[in-house]
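To keep things clear, I will list the structure first and then write my remarks on it.
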Amino acid sequence: MGNAWVICLLFFQVGVWPGVPQQSFIEQSLVINVEVPVRVFKGATFIDDLTIDDFEILEDGIPQKIEACYLVNKKMIQRREEKKKYMPETSRHFYLFFEITDYIPKIEEAVEHFCQNVLIPGDNLVVVTPVKTYRLKDLALQAKTRGEIAKELNGLVRKDCQDGNAQFRDIVSNLTEVAKSLSASLMSGGSTTAVEVLELSGTSPSTLYGMSLEEKLVFYGTLLGKLDTLRAISQMKMLDFANQLSREDGQKVVFLFYQREYIPQVEPEIVLQHSALFQENPYIYQAITGVPKMREREMNVDVERVKRAYADASTAIHFLFITTPRPDVPGVYFEERSEDIFNAFREIVRATGGYFESSSNPAAMFRSALEAAENYYLLYYSPSTIGDPDRNFRNIVVRVKRGDFRVLHRTGYFLR
């Protein structure tokens, strides 16, 4: 009754890929007005004393005339310079994605900080877990204290992360046991021994006992296939979400908490020392020496297309990569298998002017990302030329004329 009441009062479940409409540019009498959120830093410090004349914008390499510059803090316009009057929409839409395989208590601290110090009346909040998607009700801050909202939200995230990734953890546990068994088989010349059975200490050692080396390798490959299916990224869903965000007014800020993943495999030194025993059997030899390579997989996502979609949506993607420590199991080497996700989202972050960090402390990362997102400039211009109509993605470069600063902004938009 308690949890159901919480969801009813504060959240309602929505589709897996949330979002409601926004435009990345506005058409007025056949004139395109382009909006570019820009964040300027010196080290970790936001630079808040820049004027319209300090900025330079190039579209497809062509300098543009900046028509307005607004300095925004949270939802408030702190300063405005206008050569042409605009009506900036500064409402805030927060999306928190939790791709967590093993729940970390520091997540609670991160959510508590967000609810206590960041969330303000009028903000929109969507939380996506491995199980469900929740939206904070408009009147939640009036109905409950911030502490109560944080506690209830943390309960949902914790339960969903534990329940939603149970299958993932089971497969990794099974892979660990198979890798241990393969190591023992190699060291014993290919046979399953009583020593191996005693060393197995996880999921059903009797399942592996009596298996031939070939059967264990097949089992290992099958488990890897299941794991890849669970970890598969849907490009269609990513593009659908970007399309929905492109029709959303105001700031759209996405925070993705992603936990480092490891895949158990036979200790490489053991493979090197004992693989010669199986050279007379080409299948076993190739399979054994190929176990470390079985972790490799293709990233079936067109990263460039996804980058452009989120840049067009004027959505800042913040990627918070949680660096959990490598497990230590005798005979098993835990190879990191997050490179594909890591590299893809780092590119998406750069294309959207977002924030990226990797750390074992998600609470500290989240605070830094929130601080980076709190202040920004809004620049407006009308393109001096539409250029080649067949080349519909327009590349944007924003520069600051003075000082040595780090400038973050979306890299372009689609001409429609």
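The values are calculated or read from the model by the stated rules, or taken from the named source; none is laboratory data. This one's a predicted model, so the numbers in the text were calculated from it and none came from an experiment. Here Cβ is always computed from backbone atoms with ideal geometry, including for glycine, and neighbour counts include all displayed protein chains.
Quick notes
- Within segment 366-416, considering residues that are farther than 24 Å from residue 86 by Cα and in contact with a His (Cβ under 9 Å, 6 or more places away or on another chain), the one modelled with the lowest pLDDT: 372
- Residue, farthest from residue 261 (Cα to Cα), within segment 357-396, restricted to residues that are more than 24 Å from the chain's Cα centre (by Cα) and among the β-branched types (Val, Ile, Thr): 385
- Flag if residue 240 is closer than 22 Å to residue 336 by Cβ, at pLDDT 80 or above, of a type outside the set (Lys, Arg) and surrounded by fewer than 19 Cβ atoms within 10 Å (Cβ to Cβ): no
- First in segment 86-99 and farther than 28 Å from residue 155 by Cβ, second anywhere and hydrophobic (A, V, I, L, M, F, W, C) and not in a loop (DSSP other than H, G, I, E, B), Cβ under 6 Å, 6 or more apart: 86/68; 88/378; 90/72
- Residue count for segment 306-330, restricted to those that are surrounded by 14 or more Cβ atoms within 10 Å (Cβ to Cβ) and either within 12 Å of the chain's Cα centre (by Cα) or not hydrophobic (A, V, I, L, M, F, W, C) (or both): 15.
- The strands (runs of 3 or more DSSP E) found entirely in segment 298-382 that carry 2 or more residues being closer than 28 Å to residue 269 by Cα and touching a residue at least 60 places away in the same chain (Cβ under 8 Å) are 332-336.
- The number of residues in segment 36-88 being outside any strand (DSSP E or B) and charged (D, E, K, R) comes to 11.
- Tally of residues being within 38 Å of the chain's Cα centre (by Cα) and of a type outside the set (Val, Ile, Thr) across segment 255-284: 14
- Single residue of segment 136-160 satisfying the filter (touching a residue at least 40 places away in the same chain (Cβ under 8 Å) and more than 26 Å from residue 258 (Cβ to Cβ)) that is surrounded by the most Cβ atoms within 10 Å (Cβ to Cβ): 140
- Filter pass, residue 302 being assigned by TED's automatic domain parsing to the domain that holds residue 119 and surrounded by fewer than 17 Cβ atoms within 10 Å (Cβ to Cβ): yes
- Filter result (loosely packed, with under 14 Cβ neighbours inside 10 Å and not hydroxyl-bearing (Ser, Thr, Tyr)) within segment 30-55: 30, 31, 42, 43, 44, 48, 49, 53
- Residue 128 under 16 Å from residue 255 (Cα atoms), surrounded by 19 or more Cβ atoms within 10 Å (Cβ to Cβ) and among the β-branched types (Val, Ile, Thr): yes
- Residues that are within 23 Å of residue 309 (Cβ to Cβ), buried (at least 17 other Cβ atoms within 10 Å of the Cβ) and aliphatic (A, V, I, L, M), drawn from segment 331-390: 341, 344, 348, 349, 351, 369, 372, 373, 378, 379
- The set of residues in segment 66-82 being surrounded by fewer than 18 Cβ atoms within 10 Å (Cβ to Cβ) and either of a type in the set (Val, Ile, Thr) or modelled with pLDDT under 95 (or both) consists of 74, 75, 77.
- Restricting attention to segment 155-214, the residues that are modelled with pLDDT under 70, at negative phi and not hydrophobic (A, V, I, L, M, F, W, C) total 12.
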